[in-house]
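A short worksheet on the structure shown next.
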Amino acid sequence: MDTRKFGMNYGALLGGCLVLVSLIIWILGIDEQKSVVPSILNNLLIIGFIIYSISLYRDNFNNGFISYYEALKLGTTVAFFSSVLVAFYTFIYITYLNPEMLNNILNMTEQSILQSSPEISDEELDLALEMTSRFTQPHWLMIMGVLSGTFMGFLYSLVISFFLKKTDPDKIV
């Protein structure tokens, strides 16, 4: 089986699980900005899926062997496709399910700026809030979600691939 197709399938599965966790957190009313539990849960889920997908591919589709490069590529592919799904969910969540979230982000940013720099002028505060509002639009959040999710998956895969690689002793490099 091709690593890209395998990575797409398990990335979709991981993305679905991450969306499901996010929906459960939203339904339970847990504030993601104030609780570390959603972040820890998501990262454990991502790491677990990357480990599972690499070891499954290695053992079932690659005769028990996988190079560091193949494992890194597969883990990053899984992370990329899950990030795409989560980005679409984020767009739907911000646009339809919780449209006041963007205003909450701006209010929290304003409070944070005023607490850290009480002497800031009104013009500087307005400029900071304007820049924040530009980059918290749904399309920018989607782009940043895909980039950051893929990058974090790549970093996790760098470490995971080191431990899961198994080179074929009969293969000439």
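Residue check: S39 meets all listed conditions (1) within 19 Å of G145 (Cβ to Cβ); (2) modelled with pLDDT of 95 or more; (3) out of contact with any helix residue (DSSP H, G or I) (no Cβ under 7 Å at 6 or more places or on another chain) but one, namely (2).
Number of residues in the range 96-153 that are touching a residue at least 60 places away in the same chain (Cβ under 8 Å) and assigned to a loop (DSSP other than H, G, I, E, B): the value is 1. Could you tell me which numbered condition L147 fails, if it satisfies all but one of (1) within 23 Å of L13 (Cβ to Cβ); (2) in contact with a helix residue (DSSP H, G or I) (Cβ under 6 Å, 6 or more places away or on another chain)? The one condition L147 does not meet is (2).
Scanning the range 1-57 for residues that are free of Cβ contacts under 8 Å to residues at least 12 places away in the same chain and among the small types (G, A, S) turns up G29, S35, S39, G48. Every test in (1) in contact (Cβ under 8 Å) with a residue 24 or more places away in the chain; (2) closer than 30 Å to K171 by Cα; (3) surrounded by 18 or more Cβ atoms within 10 Å (Cβ to Cβ) is passed by N62 save one, and that test is (1). Surrounded by 12 or more Cβ atoms within 10 Å (Cβ to Cβ), under 26 Å from I40 (Cα atoms) and not basic (K, R): does that describe L141? It is true that L141 is surrounded by 12 or more Cβ atoms within 10 Å (Cβ to Cβ), under 26 Å from I40 (Cα atoms) and not basic (K, R).
Scanning the range 44-95 for residues that are of a type in the set (S, T, N, Q) and in a loop (DSSP other than H, G, I, E, B) returns N62, N63, S67. Looking across the range 27-50 at every residue that is of a type in the set (A, V, I, L, M, F, W, C) and within 16 Å of S83 (Cβ to Cβ), the one that is surrounded by the most Cβ atoms within 10 Å (Cβ to Cβ) is identified as I50.
A count restricted to the range 155-173 and to residues that are in a helix (DSSP H, G or I) and surrounded by fewer than 16 Cβ atoms within 10 Å (Cβ to Cβ) stands at 5. For beta carbons closer than 6 Å, sequence separation of 6+ or different chains, a first residue in the range 74-95 that is over 26 Å from R58 (Cβ atoms) and a second that is of a type in the set (A, V, I, L, M, F, W, C), the qualifying pairs are A87/M142; A87/V146; Y89/V19; T90/L141; F91/M142; I94/M101. Take I30 and decide whether it is part of a helix (DSSP H, G or I) and either at pLDDT 95 or above or more than 26 Å from K165 (Cα to Cα) (or both). Criteria not met by I30.
Restrict the check to the range 115-122 and report whether at least one residue is within 30 Å of the chain's Cα centre (by Cα), small (G, A, S) and at pLDDT below 95. Scanning the range 115-122 turns up at least one residue that is within 30 Å of the chain's Cα centre (by Cα), small (G, A, S) and at pLDDT below 95.
The values are calculated or read from the model by the stated rules, or taken from the named source; none is laboratory data. Here the structure is a predicted model, which is why all the values come from computation and not from measurement. Here Cβ is always computed from backbone atoms with ideal geometry, including for glycine, and neighbour counts include all displayed protein chains.
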